[in-house]
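Student: Before anything else, here's the structure in question.
The values are calculated or read from the model by the stated rules, or taken from the named source; none is laboratory data. Fair warning: this is a prediction, and the values are worked out from it, not measured in the lab. With ideal geometry, Cβ positions are generated from the backbone for all residues, glycine too; neighbour counts draw on all protein chains shown.
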Amino acid sequence: MKKNRLALLVLGLGMTGFMNAQTIPSLEGVADGIHHWNLEHPERTYARYAPEQYKEIADNFIAYQNEDGGWPKNIDWLAILPTDSVYQALKERYKRSTLDNRNTYSQINYLAQVYTKTKDSRYKASVLKGLDYLLKIQKKNGGWRGWDVDAITYNDEVTTGVLELFLHINEGDINYTWLDDAMKKRIYQALQKGIDIILRTQYVQNGTKTVWGQQHDNETLLPVQARTFELPSLVSTESCSVLKFLMEIPHPSAQVIEAVKAGVAWLEKSAIQGIRIEKVEIKPDQIINAEYPYDLKVVKDKKAPRIWARFYELDTNKPFMARRDGTKVYQLSDVDPERRTGYDWYTYAPEAILKHYPQWLAIVEAEQAYAGYEVLNNMPAFYQQLKQSLTYPLAWGNAPEKDFNRWRAQAREKLLECMQPAPPQADFDMKVIESEQREGYTAQKIVFNVSGYSRVPAYLLVPEGKGPFPAVLLLHDHGAHFTIGKEKMVRPFNVSETVMQDADDWAVRCYDGQYVGDFLARNGYVVLAVDALFWGERGRKEYADYDAQQALSANLLQMGMSFGSLIAWDDIRSAEFLSSLPNVDKEKVGTMGFSMGAHRAWMTMAATDAVKAGAAVCWMNTTDSLMTLTNNQNKGGSAYSMIIPDIRRYMDYPHVASIACPKPMLFTNGTKDKLFPIEGVKSAYETMRQVWESQDAGEHFQTKIYDLPHFCSKEIQQAILDFFNKEFHVGNINK
C-alpha cells in the first residue's frame, strides 16, 4: 500500500516536484495550529520563514517546546518573532502542552525529518523528549485526551495522529531508525494499546458495528460531549481518520478488517444525496471573522456529488447540528452565523475512504493466501509446527539401541559431535597467584590453561587437613550480569571495592547472602570456580554490554564454533583439571550450578565422567514449555550461552541430562520461577526419573520443588551439601 501511495504521489507532482517534496519537510501537520493563530491575529505584519528554511523553523519548534516535552497550541511556527512576544500574545491556557489542532506529534515528525537531513543533535533530543511525552500521557485504556474534555479523543486526529506516527516508526520510517530498542518497544506497546481502544470504541447500533464518536468516555467507552456544540454522536470526519489509520496497518488482524468493513458500510449508508454547500457573499459589516468573509447555505442540487453531515444521532443516524448553547438543530440555517461558517458541518472526506476501500480490500483478501508477518515476539509464526517436528529420536526409549550403556555412549558421542569443534587442549600448568587463609580452608587465586586458546584465572578453595578431599566444580549463573563470574560463587579477595560490593550484592540477590563455594569449603570440599567466557576477568575489554553476547555468539558461529559449546568444553576441561589435583579424591568430584550454571552442571555431567555427581538449581525444562511467545528463553541474548547447535534434532533437555545416569543427580526448581514454567519442570523431572529407575538407580535421582522464585536459598545449599555428603559418603562437618 505504501508503494502504491508513493507511485500516485510521483505521478501527481512529477519527478521534480516529488524530489522537492522529499527535500523540504512538510508543514501540513502544523497548518491547523497556524490557522488558529491567524483567527486570533488578523493583523499580521511580521516576516515569516519560507518553507525552504526548515532549520530555522525547526529551531522555532525547539524554542517553544515545553519542559514536559509537548508543545503549546495555536502558534504561527513560521513567524520571525521573539519567543517571549509570542508567549505574551497567547492566551494563558494555550501555553500548556496539548495534542489539540494536530499538535505535538506534528512537531515531532517535522523535527525528525530535519534531524535526518542535518544530524543536529538538538533536533534528535527534541524528538526524544516529545516521544517520551506522548508515551507518558497515553491513557491506561490506550487513547489520548483532547483539549475540551478528558476523554478518548478522535477529534483533530488526537489519538489517530499519534498512532499514525507510532505506526510509521514501527514500520521502519527512515527518520526514526536511530531510536534505540527500548524506545521502539515502548512505541510498539503503545501502538497495540491504541489499536485495541479503537476497536473497543467502535459504536454498536442495534447489534451492528458502525463508526466512532468525536470523543469517548474513559470507562463506558461511549461517545460523549466535548464543547457545547459537539454533542454525543456518530461522526463522519473523525471516523474517516480512524478508518484511514486502520487501513494503513500492514497485514491487519481479523478484528481490524471487520472494523473497517463495518465503518465503510456505515459511510455508504449515511451519505446524503441531492444537496451541496454554497458560499454566500455578505456585506463587510456582517463579517464576523476575517478568515470567513462569507456565509454558508444548503442548496438542493440533484447533480451534486454525495455529501456527509459531520454529526449523526447515535440511534437514528439522523444528521444534526448544534448551536453554541448546545441546542440541537437539523438545518444549517438554524446554526448561529459564527458557528455556521466557523465549523465544518458537512464533509466530502468519506469519498476518499470509499474510493480506496476496494483496493484495500483486494490487498487484504490477497494477503489471506500468505502469513504476512512471520515473526511474532521473536518467534517464527510456524514455531508450533517446528516443535511438533521434534521427535527426539536419540532419547532413551526412542532410540533403536536398547542396551543402556551402549545408548549412553552413542548419545554422549552425538552430544559431543554437536559441540564440535573442541578447542585445542593444553597442559593445565597451574600457578598460584595469591592466597588468603580463611576459617578452615585456604582461598587461592590461580591460573591454568583451560584450553589451547585460554589461560584463565580461577578461585580454588582447599580445606585444612590431609586430603584427598571431595571436590565440587561450581558453575556460575548468567543473570544478565557480566562484571563478575567466579566471584558470584566464591568470596573474592584483594579486589577493588567496586568488585567486592558487586559480589556481596549478588550473593544477597541470588544466593541468600551466602557464597556457595565458601560454604562448601568450610564443610570439607575443594572448590573450583572459573569465569565463563564473557564474564568477570574473561569479559569484554570495553565494558559489560548485554547485546554484545549475541554479537560474540554470531562471530563465533561465523568461524565455525558456538558460544554455548565453547562454554561447555571449558566446563569439561575445568572438571578434568579439578579431578587431576593431587589433593582431590577423583571418585568424589561433583558439580553444582544455579540458573545458567545449572544448565552447565547437567551438561558437564552428561559430557564427561570426570564428575561423579551433580546438582542443578533452577534450570530444567522442556523445549515445548520454553519455546513459547512469552518465555524469557525466546529473547535470544541470554539463550546463546546455552545453545548447542543441532542437539534438539536428537534429544531434548531432559534426554541430554539423562546421559548422566546412573550417576547421582539433584535437581531443584521453584514454583514462582517465571523463567521455567512449573509444568515443564515436572514433565522434565518425570522423563529423567523414568531413565534412572529403568537402570535401578532411582535412589540416586532426587528432585525438589520449593515455593520460591528464581533463587538459590541457604536451604537449597544445605540440601546440596547433604546430597553430596550422602552420595560421596562424607561426614557432614556442618559448619
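Student: Please specify each residue of segment 634-692 satisfying the condition of being aliphatic (A, V, I, L, M) and part of a helix (DSSP H, G or I).
Tutor: Ala639, Met642, Ile647, Val656, Ala657, Ile659, Ala660, Ile678, Val681, Ala684, Met688, Val691
Student: Of the residues Thr622, Thr630, which is surrounded by fewer than 24 Cβ atoms within 10 Å (Cβ to Cβ), at pLDDT 95 or above and within 26 Å of the chain's Cα centre (by Cα)?
Tutor: When all the criteria are applied, what remains is Thr622.
Student: Residues Lys302, Lys269: which one is loosely packed, with under 14 Cβ neighbours inside 10 Å, free of Cβ contacts under 8 Å to residues at least 60 places away in the same chain and assigned to a loop (DSSP other than H, G, I, E, B)?
Tutor: Lys302
Student: Now for a different question. Checking the condition over 21 Å from Tyr115 (Cβ atoms), surrounded by 20 or more Cβ atoms within 10 Å (Cβ to Cβ), at pLDDT 95 or above and within 18 Å of the chain's Cα centre (by Cα), which residue from Leu246, Leu234, Leu163 passes?
Tutor: Selected residue: Leu163, the only one of Leu246, Leu234, Leu163 that is over 21 Å from Tyr115 (Cβ atoms), surrounded by 20 or more Cβ atoms within 10 Å (Cβ to Cβ), at pLDDT 95 or above and within 18 Å of the chain's Cα centre (by Cα).
Student: Residue by residue through segment 422-452, note down the ones that are free of Cβ contacts under 8 Å to residues at least 40 places away in the same chain and loosely packed, with under 14 Cβ neighbours inside 10 Å.
Tutor: Pro424, Asp427, Asp429, Lys431, Val432, Ile433, Gln437, Gly452
Student: Please determine, by comparing only the residues of segment 564-611 that are in contact (Cβ under 8 Å) with a residue 60 or more places away in the chain and part of a loop (DSSP other than H, G, I, E, B), which one is nearest to Ile643 (Cα to Cα).
Tutor: This residue is Ser595.
Student: Output the residues belonging to segment 196-211 that are assigned to a strand (DSSP E or B) and within 15 Å of Ala254 (Cα to Cα).
Tutor: Residue satisfying the conditions is Lys209 alone.
Student: From the list Lys297, Lys244, Lys279, pick out the single residue that is within 23 Å of Leu165 (Cα to Cα), charged (D, E, K, R) and not in a loop (DSSP other than H, G, I, E, B).
Tutor: Matching residue, one of Lys297, Lys244, Lys279: Lys244.
Rundown of residues vs (1) within 26 Å of Phe563 (Cα to Cα); (2) of a type in the set (A, V, I, L, M, F, W, C), yes/no style:
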{"residue": "Pro421", "(1), (2)": "yes, no"}
{"residue": "Phe428", "(1), (2)": "yes, yes"}
{"residue": "Ile433", "(1), (2)": "no, yes"}
{"residue": "Val472", "(1), (2)": "yes, yes"}
{"residue": "His481", "(1), (2)": "yes, no"}
{"residue": "Leu528", "(1), (2)": "yes, yes"}
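Yes/no per residue for (1) free of Cβ contacts under 8 Å to residues at least 40 places away in the same chain; (2) loosely packed, with under 13 Cβ neighbours inside 10 Å; (3) over 45 Å from the mean Cα position of the chain (by Cα):
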position	(1), (2), (3)
Phe311	no, no, no
Arg323	no, no, yes
Val329	yes, no, yes
Asp334	yes, no, yes
Pro337	no, no, yes
Tyr346	no, no, no
Gln368	yes, yes, no
Tyr383	no, no, no
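Student: Ok, one more. For residues that are under 17 Å from Gln214 (Cα atoms) and not in a loop (DSSP other than H, G, I, E, B), tally how many sit in segment 305-333.
Tutor: Within segment 305-333, residues that are under 17 Å from Gln214 (Cα atoms) and not in a loop (DSSP other than H, G, I, E, B) number 9.
Student: Residues that are assigned by TED's automatic domain parsing to the domain that holds Leu520, without any contact (Cβ under 8 Å) to a residue 12 or more places away in the chain, surrounded by 15 or more Cβ atoms within 10 Å (Cβ to Cβ) and not charged (D, E, K, R): does segment 684-692 have at least one?
Tutor: No, the conditions are met nowhere in segment 684-692.
Student: In this structure, is Ser562 over 30 Å from Glu436 (Cβ atoms) and either among the acidic types (Asp, Glu) or crowded, with 16+ Cβ neighbours inside 10 Å (or both)?
Tutor: Answer is yes for this residue.
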